[in-house]
Amino acid sequence: MGTGSHVYADDPRNADVKIYVNGALKPRAEATVSVLDAGFVLGDGIWEGLRLHKGRFVFLDAHLDRRFEGAKARDHDNGRTRADLVSALEQTAAANAMTDGVHVRLMVTRGLKATPYQDPRATAGSATVVIVPEWKSPPADLGENGITLFTAHVRRGAPDVQDPKLNSHSKLNCILACIQASKAGADEALMLDPDGFVATCNSTHFFIVRKSQVWTSTGDYCLGGITRANVLKLCARHDIAAREKRFSLTDVYGADEAFVTGTFAGLTPVREIDGRTIGDGRRGPLTQRLQEAYMLLLDEEAGVTRA
């Protein structure tokens, strides 16, 4: 199972899911790619995490926008259109009779290599497309009890080193940060930018609340988060003051509330950072308000009307 904001209860149905691999739907135990695939050899691929909510892949256009922008940045024309990928996602969900409470990982790599070498010109075949669907939902108490963070020494780098806007398979810096947080007894890692200001977490986006204002980083050193953007939109919709700005750990330790965002769990409170209790150590009222607004937004995106 996952940890932190990615914790989930094992679902026995996942043992028999059908996974999409280059147009074929294969049982989980048989869904494999070559050891010469660029994603395995080099981490040369990009991915999206998607949520299937009440019959619809929510915020799909935004996810596909990010996916195709990443492909263009990597100079990778994989020969598949948006319609192709939407069809593959829908085919995979239908084959597994999935409609709700499902998390999906869409992965596209550069494909098979003629030899294990980084030059894209050594690619021997077309792109590898894999879709892994799972019945996976956060536990009911996660949204109330929250998680703990530890500030890692591993920084979010500048875009001329490895652009954090790319949702690439190459996540070593985030993995190292996660390891450090785990060794320190925390659930996830908080990561700083090259100048020491707060950037993001190793796998989620980070927010604080100070005097009824919601703060998040400038976004210069983090992935263009879909849930992050939706939270900022919700703040505007509900007249909640929100700022994208630089702030330090001192601002964080003195915050009234903190939370992280991600496709899987939505908004998750943070109760402790680097041994400092945030607020009173419980989910704050503004965090709860945004959680409720986000759940309504999911239903709105799925075309569900609540009474």
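Brief remarks on what is shown
- Between Val58, Val7, Val17, Val33, the distinction of being of a type in the set (A, V, I, L, M), at pLDDT below 95 and buried (at least 16 other Cβ atoms within 10 Å of the Cβ) belongs to Val7 only.
- Flag not set for Ala93, criterion: under 17 Å from Leu25 (Cα atoms) and surrounded by fewer than 13 Cβ atoms within 10 Å (Cβ to Cβ).
- Every residue from the stretch 133-168 that is crowded, with 19+ Cβ neighbours inside 10 Å and within 30 Å of Gly55 (Cα to Cα): Pro133, Glu134, Trp135, Lys136, Pro138, Leu142, Gly143, Gly146, Ile147, Asn167, Ser168
- Every pair of residues 6+ apart whose Cβ atoms lie under 9 Å, when the first sits in the stretch 78-105 and is more than 17 Å from Phe68 (Cα to Cα) while the second is charged (D, E, K, R) and assigned to a loop (DSSP other than H, G, I, E, B): Thr99/Lys54; Asp100/Lys54; Gly101/Asp11; Gly101/Lys136; Val102/Lys136; His103/Lys136
- Among residues of the stretch 258-271 that are touching a residue at least 40 places away in the same chain (Cβ under 8 Å) and part of a strand (DSSP E or B), those with a Cβ under 8 angstrom from a residue that is surrounded by 24 or more Cβ atoms within 10 Å (Cβ to Cβ) and of a type in the set (D, E, K, R), sequence gap 6+ or separate chain, pair up as Val260/Glu188; Pro269/Glu257.
- Residue match in the stretch 182-196 (condition: of a type in the set (S, T, N, Q), surrounded by fewer than 17 Cβ atoms within 10 Å (Cβ to Cβ) and farther than 29 Å from Leu64 by Cα): yes
- Some residue of the stretch 153-175 being under 12 Å from Gly4 (Cβ atoms) and either not charged (D, E, K, R) or not assigned by TED's automatic domain parsing to the domain that holds Thr268 (or both): no
- In the set (1) basic (Lys, Arg); (2) crowded, with 21+ Cβ neighbours inside 10 Å; (3) farther than 25 Å from Phe68 by Cβ, the condition left unmet by Lys245 is number (2).
- The set of residues in the stretch 109-165 that are in a loop (DSSP other than H, G, I, E, B) and of a type in the set (Phe, Trp, Tyr) contains only Tyr117.
- Screening Arg237, Arg246 for residues that are among the basic types (Lys, Arg) and either within 28 Å of Cys178 (Cβ to Cβ) or at pLDDT below 95 (or both) leaves exactly one candidate, Arg246.
- Residue check, Val130 in contact (Cβ under 8 Å) with a residue 40 or more places away in the chain and under 22 Å from Gln291 (Cα atoms): no
The values are calculated or read from the model by the stated rules, or taken from the named source; none is laboratory data. Not measured: the values here are computed from a predicted model. Virtual Cβ from ideal backbone geometry, glycine too; neighbours counted across all protein chains shown.
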